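**Student:** First the structure, then my questions, so here it is.
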Amino acid sequence: VIKAPPIDITPLIMPEMAVFPGCTPFSRKVELNISDGDSVTVSSIQSTVHLGAHADAPNHYHVNGQAIHERSLDHYIGPVQVIELCIPRGQRIKKSDLKVDILEKRVLFKTLSYPDPYAWSDDFNGIDPEVIDYLGEHGVITIGIDTPSVDLANDSELLSHNRIYKNDIAIIEGVVLNEVDAGVYTLIALPLKIKGADASPIRAVLLPKEQHEA
Ligand SMILES: [Zn+2]
């Protein structure tokens, strides 16, 4: 068995990372520093929890929704299908854009419509609510996307977030899929266990399928 290394689909977290307009950007304060003669280096961070690659909790978009610490870990570990799409910027992914069968209960959409995590742009792709229902009918429990939102940037009604709530699906946003081919992998993308939080940053990786030597 040939074991390929994990593919890191997490953007590097640093102060320059773009966040939704109005959200608190990431910052890190060094409070003690070995270089300055302290016995240890200690720092603290401040940030929106919707930072880079992150998992949304249902209480982000529904008053009765679970917080991130209450979510089943099954959403964040296991087989996942990467689906590549090529649709115009600023449009929602429609059911007719899906040219492949749904093979796994976790799905990641590769749109390449949010090319730079360090420069905010608002013409990224979202997901049409009909696709959410379709995936729900196929037993999908996690939907991820390589944009800051499963909805369009200017959608204050959060149509797809709400449809995802109805289907009890988990949301992963902000992963980087530029170097990832369509296909099936194992996803590891665990949120931090922050009590009551409406999201958490994740370290998201894909494990390629094991290749058996001929
Ligand atoms: Zn979010």
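The values are calculated or read from the model by the stated rules, or taken from the named source; none is laboratory data. Fair warning: this is a prediction, and the values are worked out from it, not measured in the lab. Heads up, the Cβs are rebuilt from the backbone with ideal geometry, glycines too, and the neighbour counts pull from every protein chain shown. Note: areas computed on protein heavy atoms with side chains; ligands, DNA, RNA excluded. Shrake-Rupley method; radii C 1.70, N 1.55, O 1.52, S 1.80 Å.
**Student:** So, in segment 101-113, how many residues would count as being open to solvent by less than 70 Å² (accessible area, probe 1.4 Å), away from the ligand (no atom under 16 Å from the Cβ) and of a type in the set (A, V, I, L, M)?
**Tutor:** 2
**Student:** In segment 135-158, what residues are touching a residue at least 12 places away in the same chain (Cβ under 8 Å), away from the ligand (no atom under 14 Å from the Cβ) and farther than 18 Å from residue 110 by Cβ?
**Tutor:** 136, 138, 139, 141, 154
Quick grid of which residues meet (1) touching an Asp or Glu at 6+ places or on another chain (Cβ under 7 Å); (2) at pLDDT 95 or above:
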position	(1), (2)
3	yes, no
18	no, yes
21	no, no
26	no, yes
33	no, yes
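**Student:** Right, something else. If I ask for residues that are without any contact (Cβ under 8 Å) to a residue 40 or more places away in the chain and either within 16 Å of the ligand (Cβ to nearest atom) or under 16 Å from residue 173 (Cβ atoms) (or both), which ones from segment 20-45 would you list?
**Tutor:** Once the filter is applied, which keeps residues that are without any contact (Cβ under 8 Å) to a residue 40 or more places away in the chain and either within 16 Å of the ligand (Cβ to nearest atom) or under 16 Å from residue 173 (Cβ atoms) (or both), segment 20-45 yields 22, 23, 24, 25, 26.
**Student:** Identify all residues within segment 100-119 that are at negative phi and among the hydrophobic types (A, V, I, L, M, F, W, C); write none if there are none.
**Tutor:** Of everything in segment 100-119, those that are at negative phi and among the hydrophobic types (A, V, I, L, M, F, W, C) turn out to be 100, 102, 103, 107, 108, 109, 119.
**Student:** Now for a different question. Could you check, for segment 192-214, whether at least one of its residues is free of Cβ contacts under 8 Å to residues at least 40 places away in the same chain and among the aliphatic types (A, V, I, L, M)?
**Tutor:** yes
**Student:** Name the pairs whose Cβ atoms lie under 7 Å apart, with the first residue in segment 49-77 and among the charged types (D, E, K, R), the second more than 14 Å from the ligand (Cβ to nearest atom), and 6 or more positions between them or separate chains?
**Tutor:** Listed pairs, sorted by first residue: 74/141.
**Student:** Next question. What strands (runs of 3 or more DSSP E), lying completely within segment 10-97, carry at least 3 residues that are open to solvent by 70 Å² or more (accessible area, probe 1.4 Å)?
**Tutor:** 27-32
**Student:** So, residue 161, is that one open to solvent by 60 Å² or more (accessible area, probe 1.4 Å) and within 13 Å of the ligand (Cβ to nearest atom) or not?
**Tutor:** Judged against the criteria, residue 161 is not a match.
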